[in-house]
Amino acid sequence: RAKAGGGNGYRFFVPEMNAEAVARLALENSLREAVETGQFLVYYQPKVDVATLRPVGLEALIRWKHPERGWVSPAAFIPVAEEMGLINVIGEWVMTQALRQVAEWEGRGIEPLPIAVNISVRQLIDRSVVETVRGILFAEGANPRWLDLEITESIMMDNLETIVDALRALRDLGLRIAVDDFGTGHSSLALLRSLPITSLKVDRSFLNDVTTKADDAAIAATIIAMGQKLGLTVVAEGIERDDQLDFLRDHGCHQAQGFLIARPMPADALERRFVRNGRWVAEVEPAAV
Ligand code: C2E
Ligand code: MG
Ligand code: MG
Ligand code: MG
């Protein structure tokens with residue numbers, strides 16, 4: 001019989017399960033197997049300075065290529081990994097890979113750019129989160145200045161005190177903290193007052209129609225101005241078009257990230273496209289023939 005929820009053991013099918021439950025169980029088992037057999041990759045997407053378009057940071061994004069399912073979207077499996085308690089081990093793996101990558105770049109004389117890693121609330125409420133992060137930084141020979149953590153605001157209110165304590169201790173290690181998908185949660189403004197954050201990422205839903213819808217423009221402009229007044233770095237996510245970039249420039253948003261600049265990609269592809277003579281530059285022009 002299926003073990004009810006939780007635990008790290010595989011669960012088994014029982015006849016009375018409906019199709020949805022069967023699919024979910026299959027996904028859970030595939031996820032355990034993915035962790036055990038190493039089916040994950042890390043892709044990187046640049047965040048560029050809005051004025052110069054030079055990369056000033058990267059975001060690490062997990063990718064899962066399942067042998068039969070093919071690519072599975074993080075939106076589909078991260079929430080499941082969180083519920084299963086697998087996100088801690090997955091998140092540590094991503095952080096390790098990301099810091100190893102910056103250290104590797106530094107070792108080859110390439111300017112190390114800060115890398116942002118998404119961290120789940122499940123990781124933050126773990127008592128040993130600070131020791132875990134410190135341990136990974138040490139093991140990879142990484143400077144804490146190279147690491148940013150991105151936290152999504154949506155589910156933070158439940159454990160606010162624990163989370164604030166963890167974030168303070170993490171800040172004390174020397175790393176930075178961004179609120180991801182800003183504006184989509186229930187208590188965005190309240191959180192700004194209580195969290196020790198350094199950066200705010202404006203959710204892309206506010207930026208999609210920013211040049212055609214007056215309300216969206218007002219909201220985006222206000223979030224950017226507020227971030228500036230609070231002394232935070234303001235990052236616009238999901239930038240796909242030039243008109244959006246123009247808006248960001250006009251409103252003094254600091255950084256932009258999105259398909260317009262680059263899709264998430266493997267580290268070597270990113271390096272070919274954006275590194276010249278050990279420096280990160282605005283997209284490299286194709287070599288002259
Ligand atoms: P996020 O942290 O907000 O990451 C940004 C998402 O937007 C990424 O989706 C990225 O590929 C996508 N994106 C970037 N530029 C554009 C654009 O111009 N247009 C559009 N439409 N999308 C764009 P992805 O990689 O599928 O990840 C989805 C979410 O999964 C992430 O949202 C994050 O919440 C979560 N996630 C990804 N990797 C990790 C991880 O290692 N750990 C944890 N805990 N969560 C992760
Ligand atoms: Mg993120
Ligand atoms: Mg985001
Ligand atoms: Mg988002």
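The values are calculated or read from the model by the stated rules, or taken from the named source; none is laboratory data. These numbers come from a predicted model, not from an experiment. Using ideal geometry, Cβ is built from the backbone for each residue, glycine included, and neighbour counts are taken over all protein chains shown. The accessibility values were calculated without ligands, DNA or RNA, using every heavy atom of the protein model including side chains. Shrake-Rupley method; radii C 1.70, N 1.55, O 1.52, S 1.80 Å.
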**OP:** Please determine, by comparing only the residues of the stretch 172-193 that are hydroxyl-bearing (Ser, Thr, Tyr) and at pLDDT below 85, which one is nearest to ligand 2 (Cβ to nearest atom).
**Re:** Ser188
**OP:** Can you give me the number of residues within the stretch 123-165 that are open to solvent by less than 20 Å² (accessible area, probe 1.4 Å) and either under 16 Å from Leu192 (Cβ atoms) or in contact with a Cys (Cβ under 9 Å, 6 or more places away or on another chain) (or both)?
**Re:** 6
Original post:
What about Ala221, is it at pLDDT 95 or above, open to solvent by less than 50 Å² (accessible area, probe 1.4 Å) and away from ligand 4 (no atom under 16 Å from the Cβ)?
Top reply: yes
**OP:** Six or more apart or on different chains, Cβ under 6 Å: which pairs go from a residue in the stretch 211-223 that's in contact (Cβ under 8 Å) with a residue 12 or more places away in the chain to one that's part of a helix (DSSP H, G or I) and surrounded by 17 or more Cβ atoms within 10 Å (Cβ to Cβ)? Could you list them?
**Re:** Thr211/Phe247; Ile219/Phe206; Ala220/Phe206
Original post:
Could we say that Ala169 is touching a helix residue (DSSP H, G or I) at 6+ places or on another chain (Cβ under 8 Å), modelled with pLDDT of 95 or more, part of a helix (DSSP H, G or I) and more than 15 Å from ligand 4 (Cβ to nearest atom) here?
Top reply: yes
Original post:
Can you find a residue in the stretch 184-193 that is crowded, with 16+ Cβ neighbours inside 10 Å and farther than 29 Å from Asn159 by Cβ?
Top reply: no
Subject >> Output for the stretch 192-210, where each listed residue is more than 13 Å from ligand 1 (Cβ to nearest atom) and either out of contact with any Phe, Trp or Tyr (no Cβ under 9 Å at 6 or more places or on another chain) or among the polar types (S, T, N, Q) (or both) >> reply: Arg193, Ser194, Leu195, Pro196, Ile197, Thr198, Asp209
